[in-house]
Amino acid sequence: MGQKMTWEEIRQQYPETFVLLDNCEESQIDDIHSEILRGEVVFVTSDGKQVFDEYKRRGKPSTMTFAHTRWSKLEIEEIQAPSLRLMHQHE
């Protein structure tokens with residue numbers, strides 16, 4: 001851990017496990033999709049809940065992502081959260 005590796009190197013070094021990645025390098029596929037090419041492994045676990053909890057504990061930074069190494073590609077889809085509109089009732 002601590003050095004950037006390609007996704008394939010990460011998959012080989014940490015087979016069948018969840019990884020939390022930081023300082024990811026991406027390649028844009030289209031307007032909303034990108035592929036993670038390289039990243040720094042900062043946390044490894046066999047438990048999906050643990051990797052998500054660690055991501056939350058670190059404040060969910062935009063430079064981080066997590067995945068299972070069984071995935072041959074690590075593609076990300078950016079979505080816009082819908083804005084919240086409050087309704088007020090006037091009588």
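The values are calculated or read from the model by the stated rules, or taken from the named source; none is laboratory data. All values reported here derive from a predicted model rather than from experimental measurement. Every residue, glycine as well, gets a Cβ built from its backbone with ideal geometry; the counts of neighbours run over all protein chains shown. Calculation scope for accessible area: heavy atoms of the full protein, side chains included, ligands and nucleic acids excluded. Shrake-Rupley method; radii C 1.70, N 1.55, O 1.52, S 1.80 Å.
One table, with the values for the structure above:
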read-out: Selection within the stretch 1-53 - at pLDDT 95 or above, more than 14 Å from the chain's Cα centre (by Cα) and of a type in the set (A, V, I, L, M); value: Met5
read-out: Qualifying residues in the stretch 24-35 (those that are of a type in the set (A, V, I, L, M, F, W, C) and under 15 Å from Lys73 (Cα atoms)) - the one least open to solvent (accessible area, probe 1.4 Å); value: Cys24
read-out: Condition met for Lys56 (in a helix (DSSP H, G or I) and at pLDDT below 95); value: yes
read-out: Residue within the stretch 18-31 that is touching a His at 6+ places or on another chain (Cβ under 7 Å) and under 16 Å from Met1 (Cα atoms) present; value: yes
read-out: Looking only at the stretch 13-23, and only at residues there that are out of contact with any Lys or Arg (no Cβ under 8 Å at 6 or more places or on another chain) and under 14 Å from Arg38 (Cβ atoms), the one that is most open to solvent (accessible area, probe 1.4 Å); value: Gln13
read-out: Members of the stretch 66-88 that are outside any loop (DSSP other than H, G, I, E, B) and at pLDDT below 90; value: Glu75, Ile76, Glu77
read-out: Subset of the stretch 36-62 that is open to solvent by 60 Å² or more (accessible area, probe 1.4 Å) and in contact with a strand residue (DSSP E or B) (Cβ under 6 Å, 6 or more places away or on another chain) - its residue that is nearest to Met1 (Cα to Cα); value: Arg38
read-out: Qualifying positions in the stretch 16-37 - farther than 16 Å from Ser62 by Cβ, without any contact (Cβ under 8 Å) to a residue 40 or more places away in the chain and in contact with a Ser or Thr (Cβ under 7 Å, 6 or more places away or on another chain); value: Ser27, Leu37
